[in-house]
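Worksheet: one structure, shown below.
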Amino acid sequence: MTTTNISSSYTVIFVFILVAGLSGLTWVFAPKQNQTVWRSSVILGLAMCYLMWAITYLAQLHPLEAPRRSDLRPEA
Amino acid sequence: MPEKEEAVFRSAEMSLVQLYAPTEVSRDIIYRIGQLNLIQFRDLNSKVNEFQRSFVKELRRLDNVERQFRFLKHELDQREIPVKTFPYELNPVVPESEIDEHVENAQLLEDRVGQLIDSTESLYNKQKELKELKFTIQAVDNFFATNTGPSGDLDDETALLSQLESQTVSESHSANFISGVINREKVGTLQQILWRVLRGNLYYHSEELPEEIYDPKSKTHVRKNSFIIFSHGTIIYERIKKICESLDADLYNVNSTASYRSDQLAETNLKLRDLSTVLDESENALTSELVAISRDLLKWWEVVAREKAVYQTMNLCDYDDSRKSLIAEGWIPTDEISTLTTTIKESDNSQSIPTIVNVLATTRTPPTFHRTNKFTEAFQSICDAYGVATYREVNPGLPTIITFPFMFAIMFGDLGHGFLLTLVALYLVLNEKKIGGMKIDEISEMAFSGRYILLLMGVFSMYTGLLYNDLFSKSMTLFSSGWAWPTDFKPSETVIASKVGTYVFGLDSAWHGAENALLFTNSYKMKLSILMGYSHMSYSFIFSLVNYVHFKSLVDIIGNFIPGLLFMQGIFGYLSLCIVYKWSVDWFAIGKQPPGLLNMLISMFLAPGTVAEELYSGQATVQVTLLLLALLCVPWLLLFKPLYLKRQLDREAQEHHYQQLSNEDDLTSDDADEQDTAHDDDEEHESHDFGDIMIHQVIHTIEFCLNCVSHTASYLRLWALSLAHAQLSSVLWTMTLGGSFSFTGPLGVFMIVVLFAMWLSMTVCILVVMEGTSAMLHSLRLHWVESMSKFFEGEGTLYAPFGFKGLLSDVA
């Protein structure tokens, strides 16, 4: 169980590298026209999407609370 | 031609150019420059009164033409004749002779249309009079007919009347009674006044006119009454006439004899018939004249408006002493100077004296010019609405393109609502050519101009909706859940899921419908908003470093940026780090009590050195160090810059002192120069007073430290609004569509149809439009206040080049 946790913890870093790579590619291959707007917008958009995902992912990595409900019916 | 600067991260580099144009061609040159839409002219005659400038006469003439055009437009509007809008291609430079033609033409048209209007108006007046006369005669006829009818039942009154009617012509008939027409509203007043004045000594009869009478003065149809008044005595009749006239009644002489009356009526009818043919003809003439005008009016107007703009610009220019050449100064983007020079060269190839373009060296601050396109335009205008960036400082409009819609999406996150928003935005974007040419009302216009903002807001809302796992408040199970429910339990027993993994993308679907779902999403969204806020503020703060480096202001880097960064990161960076660290630790595995981060932060300030529940080892030392660092930053921020500037000031003052002693003669002329420039419109004067600098820095320090706290707290609105949005949409679901599934049979079908309509319309109106607007305003505030205060000076003036665009925007 601990091994899976450690590996999932690295997912965040792995995706970060992926996003950083994508950002690098965007920087290099941004269209010549309106280059600054392309670079800034795509990279910033990627970064914010990554941050949002990473925060959501991390918040559920080791939750202190487990879902609880009393309206479930046991399966037959 | 050199490649143009993109000018969106910083405003474009501007140059001050000076233009010497021979007087004969100066108008043409300015005209061509207007077509380029490149130069913002400086007013070189700011001390000269508007009425004493060089081209007042020309401008007055053109003003008169514009007035005439407005008159024509007014007449067209009144007759609801549409003005033709051209996709007009005008000559590159309209020759002056053509302007003269336009002036003459306008005068001619005004005269002709004015005459036609006058004559139709007088015809209408005549028609009104005749109609009223006709109705008065009819009313008198009616009156006599009913009151002297053949019923044989003659009382005193009717006997008198018949006597009156059969009177011989020899007697003056006009004095027997007064008849006329009056506004229906004034009938009562007339009757009352007459009653009081004549003490009841009269006979009064009034009758409603069968049709409304057109009043050419007010151009409306008015309901009127005819009246007949009998009394006796010439003086009294005079008095009655005066009263009637004071109430705007029109009096008509009607013969008391029946046969004369019928003659009069026949004659009036004949006149009326003739008149209406004449009236029709003159109306037709007027309309065809106006229709002919409507075809070309806007084209003429455009020509005249351009001419006027050219002269207004030439009024800003100066002349050399011999008045042989015009001198103009203006700001132009540096990379456009070559365009300017080639255009000018093309235009004056035949001239013996060439037009000269000089680039001036200046200390004046140029205007701010960000090059925008249809995509960036709306984002730029969001920032410009708050303040125009100082020349060459980082343009907040660039990061706003992403951060504004994203901050919105954090509050608005729902896949379904985002999808609706995207659809609307896509419609606007894909049909932008068609919609752009249409005339639409103000609110649609706003939505249209912000269509790319809406599109990004919609797309990001779909993304955050996926992360929140909300689709119209319902959840999706896209990936395998990280929670497993126990299989062996009794019905209605409370069960707790056990963790088997982590949901890969977004919020685990197992939380949806769980009793404690709010407990989790509450904590998750609060931390999310703090982390996103912290990132947004840090990102914005880095721009201040970029600015300081660009303006080579080392004192600001050392005195403002570094202490500010340490203060902010030491407290809120540390808090953010702790949040992430706490998430990454498996507290159940190591068997420790997870610490409350809020209490940790509070005790870090109130009881430094004590840690109630440890997050990591050595925490107390780290926290005390950070606290001391933050405390150290305050005096650093407060004192470094003012003291440094004071030293510099002292040194300058000393040097100045030496200079003053060495060349006292030069000083007087220097002073005169300074006096001269002091009056100039955009010369900047910074105060070099230590007191001012100190006060400024004290305010900055207090503001910065307090803002670090309050702005972080302010980002909690992301938490509140996203929770509220999710709750509202789930409540809407259960109150409407969710409830319809419990019905069965035909009633169930009916309920589903009705409740679906209700759910959809409320989703669009309340959740998408209203909630969307509120989230947008909150996002706007986060940008204007929380983000832009970290780096934005906003002391620039907007670049407004002289051009011919939108001269007629308020006309057509």
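Applying a threshold of 6 Å to beta carbon distances and a minimum spacing of six or more residues, or different chains, the list of pairs starting in the stretch B:602-616 at a residue that is small (Gly, Ala, Ser) and ending at one that is surrounded by fewer than 17 Cβ atoms within 10 Å (Cβ to Cβ) reads B:Gly609/B:Ala620; B:Gly609/B:Val624.
Whether any residue in the stretch B:283-297 is in contact (Cβ under 8 Å) with a residue 40 or more places away in the chain and within 20 Å of B:Arg60 (Cα to Cα) is what I want to check. Yes.
Okay, residues lined up against (1) more than 16 Å from B:Thr773 (Cβ to Cβ); (2) facing another protein chain (nearest Cβ under 9 Å):
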{"residue": "B:Val394", "(1), (2)": "yes, no"}
{"residue": "B:Leu398", "(1), (2)": "yes, yes"}
{"residue": "B:Phe408", "(1), (2)": "no, no"}
{"residue": "B:Leu426", "(1), (2)": "yes, no"}
{"residue": "B:Ser444", "(1), (2)": "no, no"}
{"residue": "B:Gly450", "(1), (2)": "no, no"}
{"residue": "B:Tyr463", "(1), (2)": "yes, yes"}
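Out of curiosity, is B:Val83 without any contact (Cβ under 8 Å) to a residue 24 or more places away in the chain and either in contact with a helix residue (DSSP H, G or I) (Cβ under 9 Å, 6 or more places away or on another chain) or surrounded by 15 or more Cβ atoms within 10 Å (Cβ to Cβ) (or both)? Spelling it out, it is not the case that B:Val83 is without any contact (Cβ under 8 Å) to a residue 24 or more places away in the chain and either in contact with a helix residue (DSSP H, G or I) (Cβ under 9 Å, 6 or more places away or on another chain) or surrounded by 15 or more Cβ atoms within 10 Å (Cβ to Cβ) (or both). Within the stretch B:411-442, track down each residue that is closer than 28 Å to B:Ser529 by Cβ and β-branched (Val, Ile, Thr). Of everything in the stretch B:411-442, those that are closer than 28 Å to B:Ser529 by Cβ and β-branched (Val, Ile, Thr) turn out to be B:Thr422, B:Val424. Summed over the stretch B:794-812, residues that are at pLDDT 90 or above, exposed (fewer than 14 other Cβ atoms within 10 Å of the Cβ) and part of a loop (DSSP other than H, G, I, E, B) total 1.
Based on what the data block shows, is B:Lys219 loosely packed, with under 13 Cβ neighbours inside 10 Å and under 20 Å from B:Tyr124 (Cβ atoms)? Yes, satisfied. Just one of the listed residues (B:Gly573, B:Gly596) is within 14 Å of chain A (Cβ to nearest Cβ) and either on the phi < 0 side of the Ramachandran plot or in contact (Cβ under 8 Å) with a residue 24 or more places away in the chain (or both), and it is B:Gly596. A single entry from B:Phe419, B:Phe404 fulfils the requirement of being within 26 Å of the chain's Cα centre (by Cα), at negative phi and assigned to a helix (DSSP H, G or I): B:Phe404. Here B:Phe489 does not qualify as at the interface with chain A (Cβ under 7 Å from one of its Cβ atoms) and either closer than 23 Å to B:Leu723 by Cα or crowded, with 16+ Cβ neighbours inside 10 Å (or both).
Taking (1) in a helix (DSSP H, G or I); (2) out of contact with any helix residue (DSSP H, G or I) (no Cβ under 8 Å at 6 or more places or on another chain) in turn, B:Trp331 satisfies each apart from (1). Taken over the stretch B:364-376, the criterion of being of a type outside the set (Ser, Thr, Tyr), within 13 Å of B:Arg451 (Cα to Cα) and either touching a strand residue (DSSP E or B) at 6+ places or on another chain (Cβ under 9 Å) or crowded, with 16+ Cβ neighbours inside 10 Å (or both) is satisfied by B:Phe375 alone. Cβ separations smaller than 8 Å between residues 6+ apart or across chains give the following pairs from the stretch B:244-266 residues that are in a strand (DSSP E or B) to residues that are surrounded by 15 or more Cβ atoms within 10 Å (Cβ to Cβ) and aliphatic (A, V, I, L, M): B:Asp250/B:Val181; B:Asp250/B:Ile182; B:Leu251/B:Ile178; B:Tyr252/B:Leu133; B:Tyr252/B:Ile137; B:Tyr252/B:Val181.
When B:Leu467, B:Leu478, B:Leu456 are screened for being touching a Phe, Trp or Tyr at 6+ places or on another chain (Cβ under 9 Å), at the interface with another protein chain (Cβ under 7 Å from one of its Cβ atoms), closer than 25 Å to B:Leu423 by Cβ and not aromatic (Phe, Trp, Tyr), only B:Leu467 passes. Within the stretch B:519-529, the residues that satisfy the criterion of being in contact (Cβ under 8 Å) with a residue 60 or more places away in the chain and more than 7 Å from chain A (Cβ to nearest Cβ) are B:Thr521, B:Asn522, B:Lys525, B:Met526, B:Ser529. Among the residues of the stretch B:62-76, those that are surrounded by fewer than 18 Cβ atoms within 10 Å (Cβ to Cβ) and basic (Lys, Arg) comprise B:Arg67, B:Arg70. Checked against the criteria, A:Ser23 does not count as without any contact (Cβ under 8 Å) to a residue 40 or more places away in the chain and within 7 Å of chain B (Cβ to nearest Cβ). Among the residues of the stretch A:54-76, those identified as facing another protein chain (nearest Cβ under 7 Å), outside any helix (DSSP H, G or I) and hydrophobic (A, V, I, L, M, F, W, C) are A:Leu61, A:Leu64, A:Ala66, A:Leu72. Assess whether B:Pro642 counts as being surrounded by 12 or more Cβ atoms within 10 Å (Cβ to Cβ), assigned by TED's automatic domain parsing to the domain that holds B:Ile699 and under 22 Å from B:Met526 (Cβ atoms). No: the conditions fail for B:Pro642. Of the helices (runs of 4 or more DSSP H) that lie entirely inside the stretch B:511-606, those containing 1 or more residues that are surrounded by 16 or more Cβ atoms within 10 Å (Cβ to Cβ) and among the aliphatic types (A, V, I, L, M) span B:517-550, B:562-568, B:574-584, B:597-606. Contact annotation: residue pairs with Cβ atoms under 6 Å, 6 or more positions apart or on different chains, pairing a residue in the stretch B:720-745 that is surrounded by fewer than 16 Cβ atoms within 10 Å (Cβ to Cβ) with a partner that is part of a helix (DSSP H, G or I), are B:Phe743/B:Met751. Taken over the stretch B:492-510, the criterion of being in contact with a Gly (Cβ under 7 Å, 6 or more places away or on another chain) and either part of a strand (DSSP E or B) or more than 10 Å from chain A (Cβ to nearest Cβ) (or both) is satisfied by B:Lys499 alone.
Of the conditions (1) assigned to a loop (DSSP other than H, G, I, E, B); (2) charged (D, E, K, R); (3) within 52 Å of the chain's Cα centre (by Cα), B:Arg199 clears all except one; give me its number. In the conditions (1) assigned to a loop (DSSP other than H, G, I, E, B); (2) charged (D, E, K, R); (3) within 52 Å of the chain's Cα centre (by Cα), B:Arg199 misses (3) alone.
Applying the condition of being of a type in the set (Ser, Thr, Tyr) and in contact (Cβ under 8 Å) with a residue 24 or more places away in the chain to the stretch A:46-76 and asking which residue is surrounded by the fewest Cβ atoms within 10 Å (Cβ to Cβ) yields A:Tyr50.
The values are calculated or read from the model by the stated rules, or taken from the named source; none is laboratory data. On a predicted model such as this, the values are computed, not experimentally measured, just so you know. Note: ideal-geometry Cβ built from the backbone for every residue, glycine included; neighbour counts use all protein chains shown.
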